[in-house]
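Q: Below: one structure in structure tokens.
The values are calculated or read from the model by the stated rules, or taken from the named source; none is laboratory data. Small disclaimer: the values here were computed from a predicted structure and weren't measured. Here the Cβ positions follow ideal geometry from the backbone for every residue, glycine too, while neighbour counts run over all protein chains shown.
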Amino acid sequence: MSKPDSKQLRVVAIGGGTGLSTLLRGLKRYVAAPGTKPLSPENCSNIPCLIRELSAIVTVTDDGGSSGRLREDLNMLPPGDVRNCMVALSEDEHMLSRLFQHRFASGDLQGHSFGNLFLAALTGITGDFAQAVQTSSQILATRGRIYPSTTSYATLAAQMDDGSLVYGETNITASKRSIVELMLEPADAGPLPESLEAIANADLITLGPGSLYTSLITNLLVRGIPEALAASKATRVYICNLMTQANESLGLTASQHIEKILDHAGAQIFDYALVNIAPLRRETIVQYAREGQEPIEADLERIRSLGVEPITGNFAHEGEVLRHSYEHVAETVLQLALKR
């Protein structure tokens, strides 16, 4: 990537799950290390320090596993997705990843990860989950700010295609029915003012990749966030998933993913959509077919008809698991913002 005229961007990445933390690994390479000169190339892994401020807005509706237990036992927001983002943005990611992802195998702590307990302890000390996240980010010298999408103790509810209502993220994900509409209870759950400020000041905003409903749309149910995205003058990019997901997006094309998001947002919140068009290896397709998943159809003309310009390419990394190539995705979205 060629170095622009010292132009630096304010970037906001919205999502949850492994999709958001994967993207943050790519974006953080363009952020100067804490306490160093922002425009010093050696502080950005020998690439231009293109990002002035990096903010992540993270879903906090998980009610399963360690996060769900802490949510219920301590009446706190679930820390799992936030923990993953902290690790992704930290300076010493390898060691912290091992430490924060470590799960206790026995005793009363069985199933809990150290990172979740760390955030729970800081929440108890500060009395505020959002403050605990900021404090831990300072301790870990993260290259960005992390905000929970809401500080309300919120629960997901979904109306299914048979008219039934399912409550809780775990139950929604496990349901065999298709989701018609996702809701947040309380419906007036509000965001942190810092999140709205970051969106208002952003030059680039991304949504995705991640589970269509439980990682992406859930953020758009928070009061004020879709309105802020619609009003933003930033370059707004949807990063499309590589595969459909059973119980959330089975059979949906790329444009249908976008339609579901726009329907819940109630406004146009995208300028571009990053869509993988490179064929996947047969072994990968067979592996994911066992889980009822298949590559997402790139119906580009239908995407354009929604007022969104598709950006196509090979954005997949096929390892033991299929993930986005975070280096390529990060470079592509940054170039889009710089051109505008």
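Q: Residues to consider are THR235, THR170, THR218; find the one that is modelled with pLDDT under 95 and either touching a Pro at 6+ places or on another chain (Cβ under 7 Å) or of a type in the set (S, T, N, Q) (or both).
A: Numbers: THR235 fails: modelled with pLDDT under 95; THR218 fails: modelled with pLDDT under 95.
From the options THR235, THR170, THR218, the qualifying one is THR170.
Q: Starting from region 318-330, keep only residues that are in the same structural domain as LEU23 (by TED's automatic domain parsing), then list their pairs with residues that are assigned to a loop (DSSP other than H, G, I, E, B) and surrounded by fewer than 20 Cβ atoms within 10 Å (Cβ to Cβ) whose Cβ atoms are within a distance under 6 Å, requiring at least 6 positions of separation or different chains.
A: Between residues of region 318-330 that are in the same structural domain as LEU23 (by TED's automatic domain parsing) and residues that are assigned to a loop (DSSP other than H, G, I, E, B) and surrounded by fewer than 20 Cβ atoms within 10 Å (Cβ to Cβ), the close pairs are GLU318/ARG281.
Q: Please enumerate the residues belonging to region 173-187 that are out of contact with any Asp or Glu (no Cβ under 8 Å at 6 or more places or on another chain) and either of a type in the set (Lys, Arg) or closer than 25 Å to ALA120 by Cα (or both).
A: Within region 173-187, LYS176, LEU184, GLU185, PRO186 qualify.
Q: Mind checking whether some residue in region 249-264 is of a type outside the set (S, T, N, Q), assigned to a loop (DSSP other than H, G, I, E, B) and buried (at least 21 other Cβ atoms within 10 Å of the Cβ)?
A: Here is the first cut: in region 249-264, the ones of a type outside the set (S, T, N, Q) are 250-252, 254, 257-264.
Next, from what is left, pick out any that are assigned to a loop (DSSP other than H, G, I, E, B): 250-252.
Checking the rest, the ones that are also buried (at least 21 other Cβ atoms within 10 Å of the Cβ) come to none.
The answer is no, given that none of the residues of region 249-264 is of a type outside the set (S, T, N, Q), assigned to a loop (DSSP other than H, G, I, E, B) and buried (at least 21 other Cβ atoms within 10 Å of the Cβ).
Q: For region 317-340, which residues satisfy the criterion of being assigned to a strand (DSSP E or B) and either of a type in the set (Val, Ile, Thr) or over 17 Å from the mean Cα position of the chain (by Cα) (or both)? Spell out the reasoning first.
A: So the first thing to find is which residues in region 317-340 are assigned to a strand (DSSP E or B), and the list is 317-318, 322-324.
Within region 317-340, HIS317, GLU318 qualify.
Q: What about ILE269, is it part of a helix (DSSP H, G or I), at pLDDT 95 or above and under 22 Å from ILE217 (Cβ atoms)?
A: no
Q: Report those helices (runs of 4 or more DSSP H) wholly inside region 65-144 carrying at least 1 residues which are closer than 24 Å to ALA32 by Cβ and at pLDDT 85 or above.
A: 80-89, 129-139
Q: From ALA121, ALA158, ALA130, which residue is within 26 Å of LEU54 (Cα to Cα) and in contact (Cβ under 8 Å) with a residue 12 or more places away in the chain?
A: Going through ALA121, ALA158, ALA130 in turn, the sole match is ALA130.
Q: Can you pull out every residue in region 1-33 that is hydrophobic (A, V, I, L, M, F, W, C), at pLDDT 90 or above and farther than 12 Å from CYS44 by Cα?
A: Looking only at region 1-33, we keep the residues that are hydrophobic (A, V, I, L, M, F, W, C), and these are 1, 9, 11-14, 20, 23-24, 27, 31-33.
Those still in the list that are at pLDDT 90 or above too: 9, 11-14, 20, 23-24, 27, 31.
Those that are hydrophobic (A, V, I, L, M, F, W, C), at pLDDT 90 or above and farther than 12 Å from CYS44 by Cα: LEU9, VAL11, VAL12, ALA13, ILE14, LEU20, LEU23, LEU24.
Q: Given the residues TYR213, TYR147, which is the only one that is in a helix (DSSP H, G or I), of a type outside the set (S, T, N, Q) and either outside the structural domain of TYR326 (by TED's automatic domain parsing) or modelled with pLDDT of 95 or more (or both)?
A: On the way: TYR147 fails: in a helix (DSSP H, G or I).
Going through TYR213, TYR147 in turn, the sole match is TYR213.
Q: For region 282-340, which residues satisfy the criterion of being more than 27 Å from LYS176 (Cβ to Cβ) and of a type in the set (S, T, N, Q)?
A: Scanning region 282-340 gives SER305, THR312, ASN314, SER325, THR332, GLN335.
Q: In addition: Going by what's in this entry, would ARG302 be described as assigned to a helix (DSSP H, G or I) and at pLDDT 95 or above?
A: On the way: assigned to a helix (DSSP H, G or I): yes; at pLDDT 95 or above: yes.
So ARG302 fits the description; yes.
Q: With (1) farther than 21 Å from GLY65 by Cα; (2) crowded, with 24+ Cβ neighbours inside 10 Å as the list, and ARG177 as the residue in question, which single condition is left unmet?
A: Result: ARG177 fails condition (2) only.
Q: Determine which member of the set GLY144, GLY168 is surrounded by fewer than 18 Cβ atoms within 10 Å (Cβ to Cβ) and at positive phi. Outline the logic, then answer.
A: Working: GLY144 fails: surrounded by fewer than 18 Cβ atoms within 10 Å (Cβ to Cβ).
Result of the check over GLY144, GLY168: GLY168.
Q: Pairs please, first residue from region 281-302 and farther than 16 Å from ASN314 by Cα, second anywhere and at pLDDT 95 or above and of a type in the set (A, V, I, L, M), Cβ atoms under 6 Å, 6+ apart in sequence or on different chains.
A: Partner pairs satisfying both residue conditions: TYR288/MET243; GLN293/MET243.
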